[in-house]
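Written below as structure tokens is the structure these notes are about.
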Amino acid sequence: MSATALPAGKKTTTLTLGQKKERGEKITILTAYDYPTALALDTAGVDAILVGDSLAMVVLGYENTLPVTMDEMIHHAKAVARGAKNALLIGDMPFLSYQISAAEAVANAGRFLQQGGMDAVKLEGGQERAETVAAIVRAGIPVMGHVGLTPQSVHQLGGFRAQAKTAQAARRLLQDALTLQEAGCFALVLEAIPAELAGYLTQKLQIPTIGIGAGAQTDGQVLVTHDLLGIFQRFTPKFAKQYAHLGDEMEKAFRAYVAEVQTGQFPSPQHSLLMPPEEWAALLENQP
Ligand code: KIV
């Protein structure tokens, strides 16, 4: 891996993202769940890294994002924080870590900063989350909202499906977005909604919009890194572009290793450690 040293860059903050929107510069966000990926993303210059609850699906192998716990999220957040020094680090609040009460939400959001090394948190939902967002923000913790397809509501939504395709649903989403901005969100993820609606929201809101499956007119983009790299092969969302096919490359490398061990090609002398000949001879001479 070429990402061997941390770049001496400038730390991205929530303010930086707002300034990028003002200047019309696109914001880049990707997910990470471990140290080497965080290091590579940071070195590549992404603005922010999301320790997403997509961890549940792409790393832990669950069917959806619901099973992942706060403890598991914190474990992975810590690894990401060790790898990335410049990007804004955002911890994704898992299912039931913020829905039960505002007090629990503040405590769990605080864990992301205090224990996980994150700079901000993200949570899903619209107007029904306004109180919770405001409480977390009052505690001094920046919050990114997430509307449209909200995967933690997969059962309520009837599957991972595009949202806000009717005028009525779009109006509700617009109200959700404005309410979350009013509650104090510093940015808003728009997932799987029509491109023209995302563009309209982007103009209406002062805070940056970050699209995933929401077209090109948002202030920034986020993707699940395992989708981008072609590592998660169970399914690929229509909106996820694969920039590499690392899943295939990994399988190829594993097959080559198995074959070489089986045929004795690996380890070769190049990958073996040898004793100085005189030491080896001395050992054999003095054997009982
Ligand atoms: O968990 C995640 O990776 C996310 C992104 C899809 C925005 O929420």
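The values are calculated or read from the model by the stated rules, or taken from the named source; none is laboratory data. In this text, all values refer to a predicted model and were calculated from it rather than measured experimentally. Cβ: placed from backbone, ideal geometry, glycine included. Neighbour counts: every protein chain shown.
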### Query
Is it the case that segment 170-189 has a residue that's on the phi > 0 side of the Ramachandran plot and either in contact with an Asp or Glu (Cβ under 6 Å, 6 or more places away or on another chain) or within 12 Å of the ligand (Cβ to nearest atom) (or both)?
no
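Residue-wise test of (1) free of Cβ contacts under 8 Å to residues at least 24 places away in the same chain; (2) assigned by TED's automatic domain parsing to the domain that holds Gln203; (3) out of contact with any Phe, Trp or Tyr (no Cβ under 6 Å at 6 or more places or on another chain).
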{"position": "Val59", "(1), (2), (3)": "no, yes, no"}
{"position": "Tyr62", "(1), (2), (3)": "yes, yes, yes"}
{"position": "Val68", "(1), (2), (3)": "no, yes, yes"}
{"position": "Ala102", "(1), (2), (3)": "no, yes, yes"}
### Query
Based on what the data block shows, is Lys122 basic (Lys, Arg) and within 13 Å of the ligand (Cβ to nearest atom)?
yes
### Message
For the structure I just gave you, tell me whether Lys165 is assigned by TED's automatic domain parsing to the domain that holds Lys78, within 13 Å of the ligand (Cβ to nearest atom) and charged (D, E, K, R).
### Response
no
### Message
What pairs come out if I take residues in segment 266-282 that are within 20 Å of Ala253 (Cα to Cα) and pair them with residues that are charged (D, E, K, R) and in a helix (DSSP H, G or I) whose C-beta lies under 9 Å away, six or more apart or interchain?
### Response
Phe266/Glu260; Pro267/Glu260; Ser268/Glu260
### Message
Every residue in segment 136-152 that is away from the ligand (no atom under 12 Å from the Cβ) and either closer than 28 Å to Glu63 by Cβ or not in a loop (DSSP other than H, G, I, E, B) (or both), please.
### Response
Ile136, Val137, Arg138, Val143
### Task
Considering each residue of segment 50-92, count those that are more than 10 Å from the ligand (Cβ to nearest atom), in a loop (DSSP other than H, G, I, E, B), under 22 Å from Ile210 (Cα atoms) and not polar (S, T, N, Q), and give that number.
3
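Just to check your reading of the model, which residue among Thr202, Thr132 is over 20 Å from Leu17 (Cβ atoms), over 17 Å from the mean Cα position of the chain (by Cα) and either of a type in the set (Ser, Thr, Tyr) or surrounded by 17 or more Cβ atoms within 10 Å (Cβ to Cβ) (or both)?
Details: Thr202 fails: over 20 Å from Leu17 (Cβ atoms).
Of Thr202, Thr132, the one residue that is over 20 Å from Leu17 (Cβ atoms), over 17 Å from the mean Cα position of the chain (by Cα) and either of a type in the set (Ser, Thr, Tyr) or surrounded by 17 or more Cβ atoms within 10 Å (Cβ to Cβ) (or both) is Thr132.
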### Residue satisfying condition, being closer than 25 Å to Arg234 by Cα and β-branched (Val, Ile, Thr), within set Thr43, Thr69
Thr69
